[in-house]
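Okay, handing you the structure first.
The values are calculated or read from the model by the stated rules, or taken from the named source; none is laboratory data. All figures in this text were calculated on a predicted structure; none of them were measured in a lab. Because the Cβ atoms are built from the backbone with ideal geometry, glycine has one as well, and the counts that use them run over all protein chains shown. All accessible areas refer to the heavy atoms of the entire protein, side chains included, with ligands and DNA or RNA removed. Shrake-Rupley method; radii C 1.70, N 1.55, O 1.52, S 1.80 Å.
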Amino acid sequence: MKWQVRYALENTNKRLGSMGSAEHVNGDAIRISIRNRPEILAVISESAEITIDIAVQYHEKYPDMDFLCGFRSECVWTGAAISFLTDANIGWGSSGTLSSALSDNNVNTASHKDYFFSYRLINQMKKYFRNIEREFDRVFTIVLNNGKKLRVGMLLEYEPTADAVRSFWDQFGPVDVIWNINPNGNPTKPALEAGHQLGCGVLKWAELKHLITR
């Protein structure tokens, strides 16, 4: 049994307690049984990046898959993989996302909890842009009504540092905006300066909203 499957089983069984149980099926798959609910088949991946090819391969191997979990904390999801899983009615995200989905009973429609609310917030602004394309779980491009394109990266850190800003840029490429989506913190002054040097804004929601609606 792979390490990530073992940990997922331990964590899920601990969380469920007397309400249910999880057991290993085969390979990367576990079956979760919760009282008075249909069984859930979750696939626990150790990949550092979930691409469309990986998502399709898992779906072919486990056609009854209800949720695909990227167990590594640094796991990145491509937009193509997200679209494929969403269209197939398969939930996706981190181990924390799976835990929350089990509690909320929305496993098949769940999406990565770290980015769900922020991405939904952007989609509620659709009257201000023509199109939105999700490139990764944390990067999207919108075309505003005036034709201007904005490539936006979502940064989770409580108080982003200059290193966090530069590392994001290095990993995902140039962006126009790095959006600090943690509602409880603010970017540090060095982070703002690093963004300025790179040619992008490091913004909170109010600033990004103004940029979209002006």
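Could you list, in sequence order, all residues of segment 15-33 that are surrounded by fewer than 17 Cβ atoms within 10 Å (Cβ to Cβ), at pLDDT 95 or above and not small (Gly, Ala, Ser)?
Matches in segment 15-33: Glu23, His24, Val25, Asn26, Arg31.
Taking Thr78 as meeting all but one of (1) at positive phi; (2) out of contact with any His (no Cβ under 9 Å at 6 or more places or on another chain); (3) open to solvent by less than 40 Å² (accessible area, probe 1.4 Å), write down the number of the exception.
(1) is the only condition that Thr78 fails.
For segment 101-109, does any single residue satisfy the condition of being assigned to a loop (DSSP other than H, G, I, E, B) and either more than 20 Å from Glu49 (Cβ to Cβ) or of a type in the set (A, V, I, L, M, F, W, C) (or both)?
There is at least one residue in segment 101-109 that is assigned to a loop (DSSP other than H, G, I, E, B) and either more than 20 Å from Glu49 (Cβ to Cβ) or of a type in the set (A, V, I, L, M, F, W, C) (or both).
If you don't mind, there's one more thing I want to ask. If Asp104 satisfies every condition in (1) over 16 Å from the mean Cα position of the chain (by Cα); (2) closer than 29 Å to Asp64 by Cβ; (3) touching a residue at least 60 places away in the same chain (Cβ under 8 Å) but one, which is the exception?
For Asp104, the exception is condition (3).
Restricting to segment 47-58, count the residues that are open to solvent by less than 40 Å² (accessible area, probe 1.4 Å), outside any helix (DSSP H, G or I) and either of a type in the set (Phe, Trp, Tyr) or under 15 Å from Lys2 (Cβ atoms) (or both).
Counting residues in segment 47-58 that are open to solvent by less than 40 Å² (accessible area, probe 1.4 Å), outside any helix (DSSP H, G or I) and either of a type in the set (Phe, Trp, Tyr) or under 15 Å from Lys2 (Cβ atoms) (or both) gives 1.
Right, here's the next one. Can we say Ser94 is free of Cβ contacts under 8 Å to residues at least 40 places away in the same chain, under 14 Å from the mean Cα position of the chain (by Cα) and open to solvent by less than 40 Å² (accessible area, probe 1.4 Å)?
Yes: the conditions hold for Ser94.
Still on this structure, I have one more. Six or more apart or on different chains, Cβ atoms under 6 Å: show the pairs whose first residue is in segment 185-214 and more than 24 Å from Val143 (Cα to Cα) and whose second is of a type outside the set (Phe, Trp, Tyr) and open to solvent by 70 Å² or more (accessible area, probe 1.4 Å).
Gly185/Glu159; Thr188/Glu159; Ala194/Arg166
Still on this structure, I have one more. When you scan segment 1-46 for strands (runs of 3 or more DSSP E) that lie fully inside it, which ones turn up with 2 or more residues that are among the polar types (S, T, N, Q)?
Ranges flagged: 20-26.
Would you please list the contacts, defined by Cβ atoms under 8 Å and residues six or more apart or on different chains, that run from a residue in segment 33-49 that is in contact (Cβ under 8 Å) with a residue 60 or more places away in the chain to a residue that is in a loop (DSSP other than H, G, I, E, B)?
Arg37/Asn105; Ile40/Asp66; Ala42/Met65; Ala42/Asp66
Looking only at residues that are assigned to a helix (DSSP H, G or I) and without any contact (Cβ under 8 Å) to a residue 40 or more places away in the chain in segment 82-91, which one is nearest to Phe67 (Cα to Cα)?
Leu85
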